[in-house]
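Have a look at the structure below before the remarks.
The values are calculated or read from the model by the stated rules, or taken from the named source; none is laboratory data. Being a predicted model, the structure only gives us computed values, none of them experimental. Reconstructed Cβ throughout: ideal geometry from the backbone, glycine too, with neighbour counts over all protein chains shown. The accessibility values were calculated without ligands, DNA or RNA, using every heavy atom of the protein model including side chains. Shrake-Rupley method; radii C 1.70, N 1.55, O 1.52, S 1.80 Å.
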There are 2 protein chains.
Amino acid sequence: MIVQKYKEMLSGKSVIRQLSEFAAERGAQIGYENVFDYSLGNPSVPAPQEFTDIMINMLQNDSPMLLHGYSPSLGIYSVRKAVADSLRERFGIPYAAEHIFMASGAAGALAHAFRLVTEPGDEILTFAPYFPEYNPYVNLTGAALKVVPASTADFQINFDAFEHMINEKTMAVLINTPNNPSGIVYSAETLRRLAEVLKDRAEKYGHEIYLISDEPYREIVFEGVDSPCVPAFYDNTIMCYSFSKSLSLPGERIGYVAVNPACREAETMINMCGQISRGIGHNCPPSIIQLAVAQVLSRTADLSVYETNMKLIYEELIHLGFTCVKPDGTFYIFPKALEEDAKVFCQKALQYDLILVPGDTFGCPGYFRMAYCIDTEKVERSLEAMRKFVKTEYQTKRHE
Amino acid sequence: MIVQKYKEMLSGKSVIRQLSEFAAERGAQIGYENVFDYSLGNPSVPAPQEFTDIMINMLQNDSPMLLHGYSPSLGIYSVRKAVADSLRERFGIPYAAEHIFMASGAAGALAHAFRLVTEPGDEILTFAPYFPEYNPYVNLTGAALKVVPASTADFQINFDAFEHMINEKTMAVLINTPNNPSGIVYSAETLRRLAEVLKDRAEKYGHEIYLISDEPYREIVFEGVDSPCVPAFYDNTIMCYSFSKSLSLPGERIGYVAVNPACREAETMINMCGQISRGIGHNCPPSIIQLAVAQVLSRTADLSVYETNMKLIYEELIHLGFTCVKPDGTFYIFPKALEEDAKVFCQKALQYDLILVPGDTFGCPGYFRMAYCIDTEKVERSLEAMRKFVKTEYQTKRHE
């Protein structure tokens, strides 16, 4: 018989996907250029030309047997070494190839990280606002994702709630910095305090508590922002990375798990990833993409458009009277809605062809997310719609 | 704490991998060209030039946003449609795009198929000799793989044993035709009888029993052999395919699940694959590889070397007095060892630099596998070593 739990999941359609489908339908009516679609976190800039050139060069000159051959189950060794070298140089943490497992994007990396350190019945804590796909990612392993309520003043960590929720079943804490949906980078102070709580509780409960750091937006940090290196604060850190956003390669499924060399049994943990793969049908990222990415580790796509867009949107929102924490990076902003129920707020916005996502989806009701990975010209036009929306629906009414 | 079951798996090293490592070490001593390494089932012919040309052409002319963008969770629609069209034309079964789920190779496809139709505690039956990775693939889902003993006379199905073992916990039967390691194609008669048993037992137990057909070697079938289309025999068939062998792209992780349109809820099953993906970190095969493969669906690498090699090896083995079922396809042959314990036989062969894999690994003790995906010139030289091995170790002794 087909398995009911997966069948039942089909009826729980993602809010983001519904909005994105609405945007596509509305686009078919009035032209997609007139729909201000802030629903999806898809990179809007092309992969660097250097990546394309390297791919063409390899295809023209290298043996197909080499390019398309099986990757060893932990990834191609030279690629793992290149990643480790790059991380070591950049962050001063002594990563070696043996600490790197090449994974099919962040989703693949997280699938391994969760299975490394949790079994069914265990708990993983994460902090609102958070990426909603963490729910199926974690819960389908048999462990349970628990969400610590947001610290809405700054979108750092709500430590009171965290210290209340962490318990002896907590085997891992999952963070995402720079954060989707808030755009916030966790400060050194936040990470220091987080590490203290984890060390304290690990000792109290008599087992390790791992910090799983999901960092697909690591390269998208705005001017003047200091983005601390998570494993520098806590030994038992498992970093999950994806090149999807930094190199604009989301479809090529390439990322990695980096286990902090300071972890006890760090190399064993990487070897275990190869065993986990056998159970979940993961057989490494595509070989040719591994080989190409290893040659552009210090490059990114031209990410400057995201900061340009952020500034335009942030300034206009503040001008219009929104409460909003200024993003440190990513291509998201997470303002407070102008009425209590953000779902109602976002529903009204649709009349102005503004596609905004209610914060409820991200465990933070009353707020909404805008994914501003769109052309700046469209952002500018969208702000006119935003002004009209706010004035008509809220400022006019306020004076009524 | 790190999860013990994966740590413990590290100590259970695969026999094939150990042999392959031995071959590499021996190669470092005497030159790899002098090691007759029949251990690994890696394609030995390059991907077709047409595939390379298509990749280069896309990289030169198409938008990186299109080439490297996110694939929808079921695969790129045009690719799913192209696969369905190709299957429909070839096999006369009315596949549509809605019956195809693009997967990261056969391992990814099987990971979805198992989770579609089994839950922890259920059983999946397969038939010896069988691909040993089926053990972790199935057992790590929580279901249990049970192996029906081989029919060594022809490597078709041992129906007596099968009918004895199938029971109400059997939710799926897993077949692999053309078969690794025997090289045998299941005949129409075998498939007809298999379907009858499945229908009969499904009715008796009051639940569907799915046939999961793992077909990565479908394109490697030798002259004069009829390779029946599995879903034509049984409605509830889930086909798992990989382009690894047919296009020599094992590292690029591209394959698919095709649910027989005659399955009840076939389209729902494909949609469920997208949900299963969320739990196992699968986010579709690489976009650029999906797009490229869709353009060469009717092509293969030049697979003729495998048949050339098979004929040379088979004739020599028969000449030397081996008992051996002639392969119908693949790049494997599975002869009976010349002494009862094939592990001892293969150990002795190492002294002649012949790397053979004992059949115990494949659930069929007393036999051994040769993966003849190597150059024909090397096959020819290896046969001299084989003659020397057999004469010295067995024929001389026989006359002592």
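Which aspartates and glutamates does residue A:146 reach when only Cα atoms under 14 Å apart count, and residues fewer than 8 places away in its own chain are ignored?
Leaving aside aspartates and glutamates fewer than 8 places away in the same chain, those within reach of residue A:146 are A:122, A:123, A:133, A:163, A:168.
Given a Förster radius of 30 Å and the C-beta distance between residue A:189 and residue A:169 as r, what FRET efficiency does 1/(1 + (r/R0)^6) yield to the nearest 0.05?
Numbers: r = 28 Å, r/R0 = 0.92.
My answer for the efficiency is 0.65.
Pop a pseudo-label 7 angstrom from the Cα along the beta-carbon direction at both residue A:326 and residue B:340 and give the gap in nm to one decimal.
Each label point lies 7 Å from its Cα, and together they span 8.2 nm.
If you count, for every residue in A:245-256, the Cβ atoms of partner chains within 10 Å of its Cβ, what is the mean?
5
What is the spin-label model distance, in nm, from residue A:13 to residue A:392 if the labels are put 7 Å beyond Cα along the C-beta direction?
In this crude spin-label approximation the distance works out to 2.5 nm.
How much of the accessible area of chain A, probe 1.4 Å, is carbon plus sulfur, in whole percent?
Numbers: 7050 of 14900 Å².
For chain A, the apolar C and S fraction of the accessible surface comes to 47 percent.
Anyone know which of A:52, A:141, A:361 comes out most mobile in the 10 Å Cα GNM of chain A?
A:52
Enter the accessible area of residue A:325 (Å², nearest 10), with the probe set to 1.4 Å and all protein chains included.
30
Please list, in chain and number order, the residues 5+ apart from residue A:210 or on another chain whose amide H is under 5 Å from its amide H, with Hs placed from the backbone.
Correct list: A:172, A:173.
Would you work out the charge dipole size for chain B about its Cα centre, treating the Cβ of every Lys and Arg as +1 and the Cβ of every Asp and Glu as -1, and quote it to the nearest 20 debye?
That gives chain B a dipole magnitude of about 580 debye.
Could you report the buried accessible area between B and A, both sides summed, computed with a 1.4 Å probe and given in Å² to the nearest 100? Could the numbers behind the result be given before it?
Details: alone 17830 and 17860 Å², together 29780 Å².
Buried area (both sides, nearest 100 Å²): 5900 Å².
Cβ neighbours within 10 Å, averaged per peptide: list B:222-231, A:24-33, A:267-276, B:326-335 in order, most packed at the top.
Numbers: B:222-231: 15.8, A:24-33: 11.8, A:267-276: 22.0, B:326-335: 24.9.
Result, highest mean Cβ count within 10 Å first: B:326-335, A:267-276, B:222-231, A:24-33.
Hey, rough spin-label estimate for residue B:34 and residue B:319, points 7 angstrom out along Cα→Cβ, what's it come to in nanometres?
Each label point lies 7 Å from its Cα, and together they span 2.4 nm.
Taking 30 Å² as the minimum loss, tell me which residues in region B:2-16 lose that much accessible area going from the chain by itself to the full protein complex (1.4 Å probe).
Buried by the other chains: B:2, B:3, B:6, B:7, B:9, B:10.
Within 10 Å of each Cβ in peptide B:285-293, how many partner chain Cβ atoms are there on average? Round it to a whole number, please.
What the average comes to for B:285-293 is 4.
Counting heavy atoms of the protein chains only and a 1.4 Å probe, report the per residue accessible area for chain A as a whole number of Å². Walk me through the numbers before you get to the answer.
Working: 14900 Å² over 400 residues.
Computed with neighbouring chains in place, this is 37 Å² per residue.
Within straight cross-link reach of residue A:311, meaning Cα distance under 18 Å, which lysines are found once same-chain residues fewer than 8 apart are removed?
A:326, A:336, A:378
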